[in-house]
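The values are calculated or read from the model by the stated rules, or taken from the named source; none is laboratory data. Everything numeric in this text was worked out from a predicted model, so none of it was measured. Please note: Cβ atoms are built from the backbone with ideal geometry, for glycine as well, and neighbour counts cover all protein chains shown.
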Amino acid sequence: MKRPYFRIAALALIFFASGACSSLGGGSQWGRSSPDHYGLSRPSWGGNQYPEEPLKDGKETGIASWYGPTFYGKPTASGETFRKDGLTGAHRTLPLGTRVRVRNLRNNETVDVTINDRGPFVEGRIIDLSWRAAKDIGMLGTGTAPVELTVLTGPEAAVPQIERGIFEVQVGSFSSGEEARQYLARVSRYPDAHIVKAAYGRGTLYRVRIGSFDSIDKARDYARELKTSLGEAFVVRK
């Protein structure tokens with residue numbers, strides 16, 4: 001006959017395991033958010049049925065994810081406070097203030113959002129959505145979904161503005177400053193390799209980036225070269 005404390009220990013283990021899954025991006029009262037907006041984990045959608053297609057003629061396709069509760073109430077890149085019920089999103093290269101229409105390619109549902117943050121810093125993903133926006137296109141349960149983005153207006157109501165600016169190529173993201181510096185030493189042979197620090201809900205992230213380009217096309221070409229030798233490389237707006 002099993003002793004009572006064995007049952008108590010087993011129940012405690014189950015409770016701990018379920019709590020850990022929730023904190024790592026699993027199910028929660030809000031739904032299933034993406035594992036990491038900042039790129040410390042890989043996309044969860046799997047496969048290449050919907051490969052990332054760079055922004056062209058105001059359209060882009062790839063994988064969308066959504067912010068989990070960790071980010072609620074935190075400042076965005078635009079300076080605004082992130083609200084889960086706002087119709088907003090994060091994009092790596094579109095100017096802040098750009099309005100885009102997001103279409104879920106699985107169910108054809110759409111939502112219009114304003115870009116007010118930077119991310120997602122995970123290869124293959126093209127936009128992070130607020131909880132409300134993700135709910136509107138039916139992707140809360142899955143955490144990610146294949147989408148098509150259509151640029152509606154920019155901060156100057158001119159689509160060509162999205163191609164202009166200063167762009168860099170990100171090749172790594174670390175929660176440890178020491179690890180970031182070690183990786184920077186490995187890629188120091190590339191011009192203008194540097195570390196960009198970013199505030200994170202649980203501390204600081206250290207992003208290793210290379211180059212500085214006044215054209216998104218030049219940055220994309222360079223990213224393709226770097227990806228061959230480094231494995232990870234994608235364009236971000238400075």
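Filter segment 133-161 down to residues that are among the polar types (S, T, N, Q) and closer than 19 Å to Lys59 by Cβ and give me whichever is modelled with the highest pLDDT. Please lay out each step first, then the result.
Let us first name the residues in segment 133-161 that are among the polar types (S, T, N, Q), namely 142, 144, 150, 153, 161.
Narrowing further to those that are closer than 19 Å to Lys59 by Cβ: 150, 153, 161.
Working: Thr150: 93, Thr153: 80, Gln161: 59.
Step by step, filter segment 133-161, then rank; the result is Thr150.
Here are the criteria: (1) modelled with pLDDT of 85 or more; (2) closer than 22 Å to Glu123 by Cβ; (3) buried (at least 18 other Cβ atoms within 10 Å of the Cβ). Tell me which single one Gly68 does not satisfy.
(1)
Per-residue answers, yes or no, for (1) at pLDDT below 90; (2) surrounded by 15 or more Cβ atoms within 10 Å (Cβ to Cβ); (3) within 24 Å of Ile115 (Cα to Cα):
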position	(1), (2), (3)
Ser173	yes, yes, yes
Glu179	no, no, no
Gln182	no, no, no
Val187	no, yes, no
Arg202	yes, no, yes
Asp217	yes, no, yes
Ser229	yes, no, no
Phe234	yes, yes, yes
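Could you tell me which residue of segment 207-238 is nearest to Arg181 (Cα to Cα), considering only residues that are among the basic types (Lys, Arg) and in contact with a strand residue (DSSP E or B) (Cβ under 9 Å, 6 or more places away or on another chain)?
Looking at residues that are among the basic types (Lys, Arg) and in contact with a strand residue (DSSP E or B) (Cβ under 9 Å, 6 or more places away or on another chain), I get Arg207.
Identify the residue in segment 189-200 that is among the small types (Gly, Ala, Ser) and surrounded by 13 or more Cβ atoms within 10 Å (Cβ to Cβ) and, among all such residues, is farthest from the chain's Cα centre (by Cα).
The selected residue is Ala193.
Determine the pairs where a residue that is within 16 Å of Ala223 (Cα to Cα), located within segment 171-190, has a partner that is charged (D, E, K, R) and not in a strand (DSSP E or B) with Cβ atoms under 7 Å apart, the partner being 6 or more residues away or on another chain.
Val171/Glu232; Gly172/Glu232
For segment 159-168, does any single residue satisfy the condition of being assigned by TED's automatic domain parsing to the domain that holds Gly58, among the acidic types (Asp, Glu), surrounded by 17 or more Cβ atoms within 10 Å (Cβ to Cβ) and outside any loop (DSSP other than H, G, I, E, B)?
no
So, in segment 104-137, of the ones that are closer than 24 Å to Val196 by Cβ and charged (D, E, K, R), which residue ends up surrounded by the fewest Cβ atoms within 10 Å (Cβ to Cβ)?
If we take residues in segment 104-137 being closer than 24 Å to Val196 by Cβ and charged (D, E, K, R), then Glu123 is surrounded by the fewest Cβ atoms within 10 Å (Cβ to Cβ).
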